[in-house]
Amino acid sequence: MAKSTVAWDVSFGYRNNTAINLWSYVPPDPNMGPASPNVDFWKIGKNIVGGTENDWLGYEFDVPTLSNFKSFPFVDVVDGNLPAITPMDVGIHEHKDPDGTIWAGFNAYSSVGNVMHLYQGLYTVDTQGVRKVAGLYDYGQFDFKYCGKNGQYNGDPKLLPGYIHSITATNNYIIIPVTSLLTNPCMTTVKSNDTITRGTFAYSQFFDNVPLRFLIFNKKYKYWVTKTPLEAPSAMFVTHQLNAYEINEYNIVADMISYPNADVYSKYLYRDFLTTQLYPNAASITRFNLLLQQNKTVTSVLTPQPTLSVEFPQMNNAYRTRYYAWSYVVENPYSAGNSILKINVNDASGKQNLEYKAGSTVALNEPVFIAKPNSSAEDDGVLIIRGLDVGSEKALLVVVDAKTMTEIGRANVPILIPFGFHNKFFATDSL
Ligand SMILES: [Fe+2]
């Protein structure tokens, strides 16, 4: 499997260009895009849309039968005052406003004659599926004269946008963490006749000398608060968000899963974590204090250990954009006998943290928090957790009391459901 290739465009793996060319003679099905829709799910109005990280993001489907996948018909409203851009990739991890509006981040470029610009931005999707760019940050003109023979970029790397996996939000702001995995257009100048080539990430490169950066956008007045990106102390990769909130207008708290490099995306295979090794102990649950007046970022780690083997943070969504205490993460993702860790983000001693395990043969996935009706405490609810029993090779669904992290019950599923990445819960009466 490690040497396998596929006949379609991929982000992280290897593709077989001979096979892609053969398939290009087959007329495409207009309803089927070329990307896997199993990364995460959005709710647009009453539709559930399976998402990819490509600019053709989105397949709607019939929820009760899990069938009839077809491209979701976004309605794009183009602002004539903005440059004509071509998206390169979009973030599948959205922020959702109480009125149902979705916010998401993207990377894009424009090319007019020999002049190329690189951008990052935010777009919104309303409950009718109307999609429009809310803000566009211009990194400036990209000049190919700074490209070396082998695709290296010799210009200022801070003029390159970085990969975005997720965004976060407070009451007033949307925050884009711009990772140090930068888009390097010079790598497109290296022509290859190889049959097997790397996917889209072949054009990305981790720059140790470019810190994690933040672009901050004022939601209400629609402008970039950061004229140039705010910088973290070091190069980092960020996958997922715990939460963010404002202490005041100029002091933002944003908690994220961070890594010192992008290996989690460019090197890791989750098959290995199930069979031969644990997910590396390389993630930090990091609090970024974004101090807008001082143009400064202060970081701290929210657990007693500086790094952990954790991913997929979830929380009581009623507390998003607000002060909060509890996050639920998967410890040792993809491994049998792993656990869900309940973390008090305001007590780095770890003394209030609790752990739930489903058994030595069960690999637990991302937990979803559901509040009890009329609950008042933040952790008064249950976690619904999908699992895979590697002994019976069947899936299961576990319900855990989020306050005590003890199991309430489990339902065994008669089939094997392979891993995806993310899980979402939608109440039936909202569909
Ligand atoms: Fe993700």
### Index of the failed condition, LEU242 passing every other in (1) exposed (fewer than 14 other Cβ atoms within 10 Å of the Cβ); (2) within 16 Å of the ligand (Cβ to nearest atom)
(1)
### Task
State all residues of region 149-172 that are farther than 15 Å from PHE207 by Cβ, more than 16 Å from the ligand (Cβ to nearest atom) and either surrounded by 20 or more Cβ atoms within 10 Å (Cβ to Cβ) or among the charged types (D, E, K, R) (or both); if no residue qualifies, say none.
LYS149, ALA169, THR170
### Query
Among the residues of region 265-277, is any touching a Phe, Trp or Tyr at 6+ places or on another chain (Cβ under 9 Å), crowded, with 23+ Cβ neighbours inside 10 Å and either touching a residue at least 12 places away in the same chain (Cβ under 8 Å) or not in a helix (DSSP H, G or I) (or both)?
no
### Query
Residues of region 304-338 being assigned to a loop (DSSP other than H, G, I, E, B), closer than 25 Å to THR361 by Cβ and hydrophobic (A, V, I, L, M, F, W, C), which ones?
ALA336
### Task
Pull up region 375-390, narrow it to residues that are without any contact (Cβ under 8 Å) to a residue 60 or more places away in the chain and farther than 13 Å from ALA358 by Cα, then point me to the one that is surrounded by the fewest Cβ atoms within 10 Å (Cβ to Cβ).
SER376
### Message
under 20 Å from the mean Cα position of the chain (by Cα) and of a type outside the set (Gly, Ala, Ser): is that true of VAL298 in this structure?
### Response
no
### Task
Might you let me know whether region 398-421 holds any residue that is in contact (Cβ under 8 Å) with a residue 40 or more places away in the chain, in a strand (DSSP E or B) and aromatic (Phe, Trp, Tyr)?
no
### Among (1) within 16 Å of the ligand (Cβ to nearest atom); (2) surrounded by fewer than 20 Cβ atoms within 10 Å (Cβ to Cβ); (3) of a type in the set (Phe, Trp, Tyr) - the single one TYR146 does not satisfy
(1)
### Message
Given the criterion within 25 Å of the chain's Cα centre (by Cα) and farther than 28 Å from HIS95 by Cβ, identify the matching residue among ALA358, ALA402, ALA363, ALA371.
### Response
ALA363
### Message
Filter region 79-101 down to the residues that are of a type in the set (Lys, Arg) and more than 16 Å from the ligand (Cβ to nearest atom) and list them by number.
### Response
none
### Complete set of residues in region 282-303 that are over 27 Å from LYS267 (Cα atoms) and part of a loop (DSSP other than H, G, I, E, B)
LEU292, GLN293, GLN294, ASN295
### Query
Out of all the residues in region 351-374, which are out of contact with any strand residue (DSSP E or B) (no Cβ under 6 Å at 6 or more places or on another chain) and surrounded by 14 or more Cβ atoms within 10 Å (Cβ to Cβ)?
GLY359
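No lab work stands behind these numbers, since they all come straight from the coordinates. These numbers come from a predicted model, not from an experiment. Here the Cβ is made from the backbone with ideal geometry for all residues, glycine too, and neighbour counts use every protein chain on show.
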